[in-house]
Amino acid sequence: MAFEYPAKQRLHEQLRHELFHLWIPNAVGLTGTYDWFYEGFAMYISLKTAVSLKRIRFDDMLDTLSRAYRIDRSATRRRSLVESSRERWAGGETQVYARGLLAAFLSDLALMGGSGETRSAEGLLRGLFRKHAFSKETSNGNDAVIAAMSAEPALKKIVDGVILGSGPVDRGPSLAAAGLEFSSKDGEQRLAVSGRTTGRQRSMLRKLGYNGR
Ligand SMILES: [Zn+2]
């Protein structure tokens, strides 16, 4: 990159992402093409960490999420995450990352919302890691992840609709619960903090790294 600031940002982003992979998938006994999971969650946790470390602004995270929504919406043939992971190297890669990122984001919102913010995507990852870390026996990655997520009633819609199903990713209720909504800016639909938020929504927003109000 020509300029120092974006070049450094890119380097930090890459480093956060690859550090995540030292844990998942590198240190777990999971096999098969479950790329949607470890790529999507690597991207999401990297974004969330960047906001909490103040490397990027909360708005930058919303911009990346908005872009992922646009990619998923504009796909000529939308596939389930399990299916697009199989086709990752045959043109499915952008979709794996975009839809995988959204699956991770919505899982975080659903876990937080269903638990008064005591739970989160990080907890889901820790549980999965503990169960499969450094294990001599290997399990199928898709089966293990889907089983772990299906055990959470709050994640049922995401598992059925986004991971196993090929429907559009929810842009309404899940976001509204966290005080987020789509609004039009410069002719583009962009994710933003709602004009009016309740105490509950503000509490979710703070957990995501927002410190605006
Ligand atoms: Zn990766």
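The values are calculated or read from the model by the stated rules, or taken from the named source; none is laboratory data. Remember, predicted model here, so these are calculated numbers, not experimental data. Here the Cβ positions follow ideal geometry from the backbone for every residue, glycine too, while neighbour counts run over all protein chains shown.
Tabulated data
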read-out: Given (1) without any contact (Cβ under 8 Å) to a residue 60 or more places away in the chain; (2) in a helix (DSSP H, G or I); (3) not aromatic (Phe, Trp, Tyr), index of the condition Leu106 fails; value: (1)
read-out: Answer from Leu180, Leu128, Leu124 - the residue that is farther than 19 Å from Met204 by Cα, under 17 Å from the mean Cα position of the chain (by Cα) and of a type in the set (A, V, I, L, M); value: Leu128
read-out: Answer residue from the stretch 33-71, given it is within 16 Å of the ligand (Cβ to nearest atom) and outside any helix (DSSP H, G or I) and is surrounded by the most Cβ atoms within 10 Å (Cβ to Cβ) among those; value: Tyr34
read-out: Residues within the stretch 162-209 that are of a type outside the set (A, V, I, L, M, F, W, C) and touching a Gly at 6+ places or on another chain (Cβ under 7 Å), tallied; value: 5
read-out: Residue within the stretch 15-24 that is within 16 Å of the ligand (Cβ to nearest atom), assigned to a helix (DSSP H, G or I) and under 22 Å from Gly179 (Cα atoms) present; value: no
read-out: Single condition Gln189 does not satisfy, out of (1) more than 15 Å from the chain's Cα centre (by Cα); (2) touching a residue at least 40 places away in the same chain (Cβ under 8 Å); (3) in a loop (DSSP other than H, G, I, E, B); value: (3)
read-out: Selected residue (only one of Arg130, Arg99, Arg77 is in a helix (DSSP H, G or I), surrounded by fewer than 16 Cβ atoms within 10 Å (Cβ to Cβ) and of a type outside the set (A, V, I, L, M, F, W, C)); value: Arg130
read-out: Answer from Thr118, Thr138 - the residue that is touching a Gly at 6+ places or on another chain (Cβ under 7 Å), at negative phi and either exposed (fewer than 14 other Cβ atoms within 10 Å of the Cβ) or at pLDDT 95 or above (or both); value: Thr138
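Table: residues versus (1) β-branched (Val, Ile, Thr); (2) out of contact with any Ser or Thr (no Cβ under 7 Å at 6 or more places or on another chain); (3) under 17 Å from Leu106 (Cα atoms).
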residue: Trp36; (1), (2), (3): no, no, yes
residue: Ser46; (1), (2), (3): no, yes, yes
residue: Ser66; (1), (2), (3): no, yes, yes
residue: Arg73; (1), (2), (3): no, yes, yes
residue: Arg79; (1), (2), (3): no, no, no
